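Q: The structure is given below, and queries will be raised subsequently.
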């Protein structure tokens, strides 16, 4: 009886831990600096596209949103952000589409050198 109670308690603890882990799971985010900007990698296990609901780039000097895209069901693996003009559509979308929230009605957005 004690053995069954012990395994039952461990089972409940394991399920509770797994549930908490899944509810608070965030995909990996790796950012590497390059010569012209940064390479953003959100691949799960380093090779699989990840479900991404929103990407937002904020100018740290004034808090303004420079670029934002959203999706209900899209998978993204990597994308690049370079100093100067950037396409509003993220590169390397594995599946689905992103809606451009900012900037509206523009094909590009600009990242200025020296802005945090």
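Q: Of the residues that make up region 1-10, is at least one part of a loop (DSSP other than H, G, I, E, B) and modelled with pLDDT under 50?
A: Yes, because at least one residue in region 1-10 is part of a loop (DSSP other than H, G, I, E, B) and modelled with pLDDT under 50.
Q: Looking at (1) in contact with a strand residue (DSSP E or B) (Cβ under 9 Å, 6 or more places away or on another chain); (2) assigned to a loop (DSSP other than H, G, I, E, B), which one does residue 110 not meet, given that it meets all the others?
A: (2)
Q: Related question: I need a count of the residues in region 61-88 that are over 24 Å from residue 115 (Cβ atoms) and surrounded by 16 or more Cβ atoms within 10 Å (Cβ to Cβ). Reasoning before the result, please.
A: From region 61-88, those over 24 Å from residue 115 (Cβ atoms) are 71-75, 77; that's our starting set.
Still in the list and also surrounded by 16 or more Cβ atoms within 10 Å (Cβ to Cβ): 71, 74-75, 77.
Selection size over region 61-88: 4.
Q: Write out, first by first residue and then by second, each pair whose Cβ atoms fall under 6 Å of each other, whose residues are 6+ apart or on separate chains, and whose first residue, in region 29-42, is without any contact (Cβ under 8 Å) to a residue 24 or more places away in the chain while the second is part of a strand (DSSP E or B) and surrounded by 10 or more Cβ atoms within 10 Å (Cβ to Cβ).
A: 30/41; 31/38; 31/40; 32/39
Q: Going residue by residue through region 49-58, is there one that turns out to be in contact with a strand residue (DSSP E or B) (Cβ under 7 Å, 6 or more places away or on another chain), in a loop (DSSP other than H, G, I, E, B), touching a residue at least 12 places away in the same chain (Cβ under 8 Å) and over 19 Å from residue 29 (Cβ atoms)?
A: Within region 49-58, the first condition is being in contact with a strand residue (DSSP E or B) (Cβ under 7 Å, 6 or more places away or on another chain), and the residues that meet it are 49-58.
This time we only want the ones that are in a loop (DSSP other than H, G, I, E, B), so: 49, 52-53.
Next, only the ones that are touching a residue at least 12 places away in the same chain (Cβ under 8 Å) stay: 49, 52-53.
Filter again for over 19 Å from residue 29 (Cβ atoms), leaving none.
Within region 49-58 (the criterion being in contact with a strand residue (DSSP E or B) (Cβ under 7 Å, 6 or more places away or on another chain), in a loop (DSSP other than H, G, I, E, B), touching a residue at least 12 places away in the same chain (Cβ under 8 Å) and over 19 Å from residue 29 (Cβ atoms)), the answer is no, since none of the residues qualifies.
Q: Next up: If I ask for residues that are within 20 Å of residue 50 (Cβ to Cβ) and either surrounded by 16 or more Cβ atoms within 10 Å (Cβ to Cβ) or in contact with a helix residue (DSSP H, G or I) (Cβ under 9 Å, 6 or more places away or on another chain) (or both), which ones from region 89-116 would you list?
A: 90, 93, 98, 100
Q: Can you tell me which residues in region 73-93 are more than 20 Å from residue 38 (Cβ to Cβ) and at pLDDT below 90?
A: 73
Q: Surrounded by 10 or more Cβ atoms within 10 Å (Cβ to Cβ), modelled with pLDDT under 85 and at negative phi - does that describe any residue in region 37-60?
A: no
Q: Here is a further query. Residue by residue through region 60-102, note down the ones that are in contact (Cβ under 8 Å) with a residue 12 or more places away in the chain and more than 19 Å from the chain's Cα centre (by Cα).
A: 61, 83, 84, 85
Q: Tell me, which residue of region 75-95 that is outside any strand (DSSP E or B) and touching a strand residue (DSSP E or B) at 6+ places or on another chain (Cβ under 6 Å) is nearest to residue 42 (Cα to Cα)?
A: Per the criteria, the residue is 77.
The values are calculated or read from the model by the stated rules, or taken from the named source; none is laboratory data. Note that the structure is predicted; figures quoted are calculated from it, not measured. In this analysis, Cβ positions are derived from the backbone assuming ideal geometry, glycine residues included, and neighbour counts consider all displayed protein chains.
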